1. With over 13 Å from Thr84 (Cα atoms), more than 10 Å from the ligand (Cβ to nearest atom) and not hydrophobic (A, V, I, L, M, F, W, C) as the only criterion, which of Gly145, Gly126 stands out?
2. Going by what's in this entry, would Ala83 be described as among the aliphatic types (A, V, I, L, M), surrounded by fewer than 24 Cβ atoms within 10 Å (Cβ to Cβ) and either within 16 Å of the ligand (Cβ to nearest atom) or more than 11 Å from the chain's Cα centre (by Cα) (or both)?
3. Answer yes if at least one residue in segment 183-193 is assigned to a loop (DSSP other than H, G, I, E, B), of a type in the set (Lys, Arg) and either touching a Pro at 6+ places or on another chain (Cβ under 7 Å) or buried (at least 16 other Cβ atoms within 10 Å of the Cβ) (or both), and no otherwise.
4. Could you list all residues from segment 45-61 that are free of Cβ contacts under 8 Å to residues at least 12 places away in the same chain and of a type in the set (Asp, Glu)?
5. What are the residues in segment 142-152 that are surrounded by 17 or more Cβ atoms within 10 Å (Cβ to Cβ) and in contact with a helix residue (DSSP H, G or I) (Cβ under 7 Å, 6 or more places away or on another chain), if any?
6. From the list Leu26, Leu11, pick out the single residue that is within 18 Å of Val112 (Cα to Cα), crowded, with 18+ Cβ neighbours inside 10 Å and touching a Leu at 6+ places or on another chain (Cβ under 9 Å).
7. Looking at Leu91, Leu95, Leu109, Leu137, which one is more than 11 Å from the ligand (Cβ to nearest atom) and buried (at least 18 other Cβ atoms within 10 Å of the Cβ)?
8. For Val112, indicate whether it is of a type outside the set (Phe, Trp, Tyr), touching a Lys or Arg at 6+ places or on another chain (Cβ under 6 Å) and closer than 21 Å to Leu8 by Cα.
Amino acid sequence: MPDNSAPLRVLAFAGSLRRNSYNRHLIDAATGSAPAGLSLTVHDSIADIPLFNEDLEADAAGGPDGVMRLRAAVAAADGVLIATPEYNQSLPGVLKNTLDWLSRNDAALGEVLSGKPVAIMGATPGRWGTRLAQSQLRHALAAVGALVMTSPQLYIAEAASALDTATNDFDDATRKRLHRFLEGFQSWIHQLRGERRP
Ligand code: FNR
């Protein structure tokens, strides 16, 4: 019987390599906005994930170090939180590339995203809040068997006006939205595990 009083461990990462990424700041804000029952660990960056190539898989027995590190972290987590930018009305190539690596069957860990609860969100300086990127990310995650939370959804539009660039903190209204979103994710994970939320 799983212990549903222990905090759920959520691995969080952003689909952007940019130093001042809104989505990376959103992930950082999530760590400070999580409900008590959710413990967030930020995966530093997906910058060390090379372009997917089946030859690299064969050469490095499963994958390069950056891939193996992320795969192990995903496997150990109760859920995964992804913040995606929107590029050309889709998800960024670096994020799709990361999902392609994670989708592969690891000899020891299996398909780490298959059956994994996942929540997606996104921030953009634009007006539509990454709706199209999230839609395509949801589609790709469904293809790898991830259990993507359907509701609530979190679209941060006009992020430049919600972020204080001196502190890199989002404003109160955004942090409240994040908190409610993460409460929803907590419930979603418990629901999938057949548990009542403590
Ligand atoms: C963008 N951007 C963008 N924004 C958006 O809302 N819809 C879009 O379709 C696009 N398309 C797009 C294409 C390319 C190639 C770039 C570089 C940018 C703007 C994008 O939201 C902005 O650069 C964000 O700051 C990227 O997210 P991070 O890196 O701040 O997390």
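1. Within the list Gly145, Gly126, the selection yields Gly145.
2. Details: among the aliphatic types (A, V, I, L, M): yes; surrounded by fewer than 24 Cβ atoms within 10 Å (Cβ to Cβ): no; either within 16 Å of the ligand (Cβ to nearest atom) or more than 11 Å from the chain's Cα centre (by Cα) (or both): yes.
For Ala83, the condition - among the aliphatic types (A, V, I, L, M), surrounded by fewer than 24 Cβ atoms within 10 Å (Cβ to Cβ) and either within 16 Å of the ligand (Cβ to nearest atom) or more than 11 Å from the chain's Cα centre (by Cα) (or both) - is not met.
3. Within segment 183-193, the first condition is being assigned to a loop (DSSP other than H, G, I, E, B), and the residues that meet it are 193.
Remaining after also requiring of a type in the set (Lys, Arg): 193.
Add one more test, that the residue is either touching a Pro at 6+ places or on another chain (Cβ under 7 Å) or buried (at least 16 other Cβ atoms within 10 Å of the Cβ) (or both), and what stays is 193.
Looking for residues that are assigned to a loop (DSSP other than H, G, I, E, B), of a type in the set (Lys, Arg) and either touching a Pro at 6+ places or on another chain (Cβ under 7 Å) or buried (at least 16 other Cβ atoms within 10 Å of the Cβ) (or both), one finds at least one in segment 183-193, hence yes.
4. If the condition is that a residue be free of Cβ contacts under 8 Å to residues at least 12 places away in the same chain and of a type in the set (Asp, Glu), then Glu54, Asp55, Asp59 are the ones that fit.
5. Taking segment 142-152 and keeping what is surrounded by 17 or more Cβ atoms within 10 Å (Cβ to Cβ), we get 144, 146-149.
If the condition is that a residue be surrounded by 17 or more Cβ atoms within 10 Å (Cβ to Cβ) and in contact with a helix residue (DSSP H, G or I) (Cβ under 7 Å, 6 or more places away or on another chain), then Val144, Leu147, Val148, Met149 are the ones that fit.
6. Working: Leu26 fails: within 18 Å of Val112 (Cα to Cα).
The match here is Leu11.
7. Working: Leu91 fails: more than 11 Å from the ligand (Cβ to nearest atom); Leu95 fails: more than 11 Å from the ligand (Cβ to nearest atom); Leu109 fails: buried (at least 18 other Cβ atoms within 10 Å of the Cβ).
Selected residue: Leu137, the only one of Leu91, Leu95, Leu109, Leu137 that is more than 11 Å from the ligand (Cβ to nearest atom) and buried (at least 18 other Cβ atoms within 10 Å of the Cβ).
8. Numbers: of a type outside the set (Phe, Trp, Tyr): yes; touching a Lys or Arg at 6+ places or on another chain (Cβ under 6 Å): yes; closer than 21 Å to Leu8 by Cα: yes.
Considered against the rule, which asks whether it is of a type outside the set (Phe, Trp, Tyr), touching a Lys or Arg at 6+ places or on another chain (Cβ under 6 Å) and closer than 21 Å to Leu8 by Cα, Val112 comes out as yes.
The values are calculated or read from the model by the stated rules, or taken from the named source; none is laboratory data. Fair warning: this is a prediction, and the values are worked out from it, not measured in the lab. Glycine gets a Cβ as well: all are built from the backbone with ideal geometry, and neighbour counts include every protein chain shown.
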